[in-house]
Protein chains: 2
Amino acid sequence: MFRANEVKALLFDTFGTVVDWRSSLIEAFSQFGQSHQLAGDWSQLVDQWRAAYWPSMDKVRKGKLAWTTLDQLHRAALVKLLPAFKLEQLSADQIDDLTAFWHRLKPWPDARLGLALLKKHFLIGPLSNGNFSLMVELNKFADLGWDFIFGSDIFRHYKPDAETYLEACSLLGLRPAQVVMVAAHNYDLHAARSFGLHTAFIPRPTEYGPSQTKDLRPEGPWDIVAADLEDLATRLIENCSTK
Amino acid sequence: MFRANEVKALLFDTFGTVVDWRSSLIEAFSQFGQSHQLAGDWSQLVDQWRAAYWPSMDKVRKGKLAWTTLDQLHRAALVKLLPAFKLEQLSADQIDDLTAFWHRLKPWPDARLGLALLKKHFLIGPLSNGNFSLMVELNKFADLGWDFIFGSDIFRHYKPDAETYLEACSLLGLRPAQVVMVAAHNYDLHAARSFGLHTAFIPRPTEYGPSQTKDLRPEGPWDIVAADLEDLATRLIENCSTK
């Protein structure tokens, strides 16, 4: 049985779970378009950009590509997309700037308060596929208040590789059973659970836009299912005080 | 010439530079002694404990001992000291508790304000020989407000090994020249400078107690010498705004 009293730290998937990458990126591209007199279907660009994430990361996971950070994968994927959106004239510096849009994403409305409440009882930090510098800058921009920051380049592995979950617990000096993985994605929780971590699912049904079809509901025996991060804080802290 | 405008991040030695380990540990042992009706020369115990740090760490640096965290080195050194202080009857749990005194050290009086001021302009975090979990707990206890936390077990190297300074810069996505190493210890700055980082010296003339003989003054061409962390903030921010 799940006992929040035994939990010392919470690890958070970040893109989608804590920050709303899609609407943040669409807004950033719209502003970029306006200031450079460029028109484009920015939603489609953002969706295609994100769609390139999994296959490119998978090449690294399967050893077909040497270790490459998420910033580098993002940049390479964007470069491939530019011609289709008539943006092939952009300079290298401009492409760097667009790639850095991922460093400045808005938290979901419940995120800051939820994390602040959780931080009073637990150590909190991201376990994301983002690289360390990306996660550090995102934390500074979005004021998430992490107690610690992990980046995939610390482990040189991407989730759902075992090394990410287990080395994170090891660096924290905790057993996996003392840690909760919090995510809006069932695949992440399946992996975390298989390595002994506790699991909390937060649905983000518009993460991928209005016609999202996956991760609309929990698809595993997760220890907690909460409406959002504020609700997660309420449930975990209640569970602590009643045990 | 040193230009603070180019600096993006500050890395801080922590034990001695940011927190006053000696008086914190002496106070913790005194309280422990009182609550367990034990008398002892706690200052001497603390000084001997700290003196065991460098040789034990050096064994790891020279490959004579496999990777061992600072918490583990501290514990092993303490166990060896216990008989001389008539403490050999302590349980394993009690020895763990004493070792964890290193996780709850008081900041020097200028540290919190100095770091808060610096944090408005730069990314700040520790580059210490402490392990990650130690540094995370110390940050939570002492409310240092780090933007990120490094631990020596991320690098599996101890300062002054090159890997610690260079991998820290690499994880931050910065060139060494964009980073300042801040320390009360000249050896640390000599190493940082040799790897291309900027350097700031903060004297802590009572770190080792009233009869301290080393690191009383700067012993190298450091970019900045400041009286304390508040003074460092004033100087760096002034340097930023005048360039």
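Observations
- Condition met for A:E230 (without any contact (Cβ under 8 Å) to a residue 24 or more places away in the chain and not in a loop (DSSP other than H, G, I, E, B)): no
- Comparison of B:I149, B:I202, B:I154 shows that the only residue that is without any contact (Cβ under 8 Å) to a residue 40 or more places away in the chain, under 28 Å from B:T234 (Cβ atoms) and in contact with a helix residue (DSSP H, G or I) (Cβ under 8 Å, 6 or more places away or on another chain) is B:I149.
- Any hit, the stretch B:184-199, residues being of a type outside the set (K, R) and within 14 Å of chain A (Cβ to nearest Cβ): no
- The stretch A:80-135, subset in contact with a Ser or Thr (Cβ under 7 Å, 6 or more places away or on another chain), under 21 Å from A:E230 (Cβ atoms) and open to solvent by less than 10 Å² (accessible area, probe 1.4 Å), residue farthest from the other protein chains (Cβ to nearest Cβ): A:L105
- Candidate set: the stretch B:140-157, residues that are of a type outside the set (V, I, T) and at the interface with another protein chain (Cβ under 7 Å from one of its Cβ atoms); chosen: the one farthest from B:Y53 (Cα to Cα): B:D147
- Taking (1) surrounded by 16 or more Cβ atoms within 10 Å (Cβ to Cβ); (2) of a type outside the set (K, R); (3) over 18 Å from B:W222 (Cα atoms); (4) touching a residue at least 40 places away in the same chain (Cβ under 8 Å) in turn, B:W49 satisfies each apart from (4).
- Of the residues making up the stretch A:1-15, those that are farther than 13 Å from A:L189 by Cβ, assigned to a loop (DSSP other than H, G, I, E, B) and within 8 Å of the chain's Cα centre (by Cα) number 1.
- Once the stretch B:158-183 is narrowed to residues that are small (G, A, S) and either under 23 Å from B:I237 (Cβ atoms) or crowded, with 18+ Cβ neighbours inside 10 Å (or both), the residue that is nearest to the other protein chains (Cβ to nearest Cβ) is B:G173.
- When residues of the stretch B:16-38 are limited to those that are in a loop (DSSP other than H, G, I, E, B) and over 20 Å from B:P126 (Cα atoms), the one farthest from the other protein chains (Cβ to nearest Cβ): B:Q37
- Flag if A:T68 is free of Cβ contacts under 8 Å to residues at least 40 places away in the same chain and hydroxyl-bearing (S, T, Y): yes
- Counting only residues that are within 16 Å of B:W108 (Cα to Cα), in contact with a Phe, Trp or Tyr (Cβ under 9 Å, 6 or more places away or on another chain) and among the aromatic types (F, W, Y), the stretch B:197-243 holds 1 of them.
- Failed condition for A:L216, given (1) hydrophobic (A, V, I, L, M, F, W, C); (2) touching a Pro at 6+ places or on another chain (Cβ under 7 Å); (3) part of a loop (DSSP other than H, G, I, E, B); (4) within 14 Å of another protein chain (Cβ to nearest Cβ): (4)
- Tally of residues being without any contact (Cβ under 8 Å) to a residue 24 or more places away in the chain and either closer than 27 Å to A:N129 by Cβ or not aliphatic (A, V, I, L, M) (or both) across the stretch A:1-26: 1
- Of all residues in the stretch B:221-240, those that are open to solvent by 40 Å² or more (accessible area, probe 1.4 Å) and farther than 13 Å from B:L117 by Cβ total 4.
- Residue list for the stretch B:184-197, restricted to those being over 18 Å from the mean Cα position of the chain (by Cα) and either in a helix (DSSP H, G or I) or surrounded by 24 or more Cβ atoms within 10 Å (Cβ to Cβ) (or both): B:S194
- Qualifying residue in the stretch B:200-213 (condition: under 24 Å from B:K62 (Cα atoms), open to solvent by less than 20 Å² (accessible area, probe 1.4 Å) and in contact with a strand residue (DSSP E or B) (Cβ under 8 Å, 6 or more places away or on another chain)): no
- Residue match in the stretch B:173-188 (condition: hydrophobic (A, V, I, L, M, F, W, C) and without any contact (Cβ under 8 Å) to a residue 60 or more places away in the chain): no
- Pairs with Cβ under 8 Å, 6+ apart, first in the stretch A:114-126 and touching a residue at least 60 places away in the same chain (Cβ under 8 Å), second among the hydroxyl-bearing types (S, T, Y) and surrounded by fewer than 23 Cβ atoms within 10 Å (Cβ to Cβ): A:L117/A:T234
The values are calculated or read from the model by the stated rules, or taken from the named source; none is laboratory data. The shown structure was predicted, so the numbers you read here are calculated from the model rather than taken from an experiment. All Cβ positions, even for glycine, are placed from backbone atoms using ideal geometry, and neighbour counts span all protein chains on display. Side chains included, ligands, DNA and RNA excluded: accessible areas come from the protein's heavy atoms. Shrake-Rupley method; radii C 1.70, N 1.55, O 1.52, S 1.80 Å.
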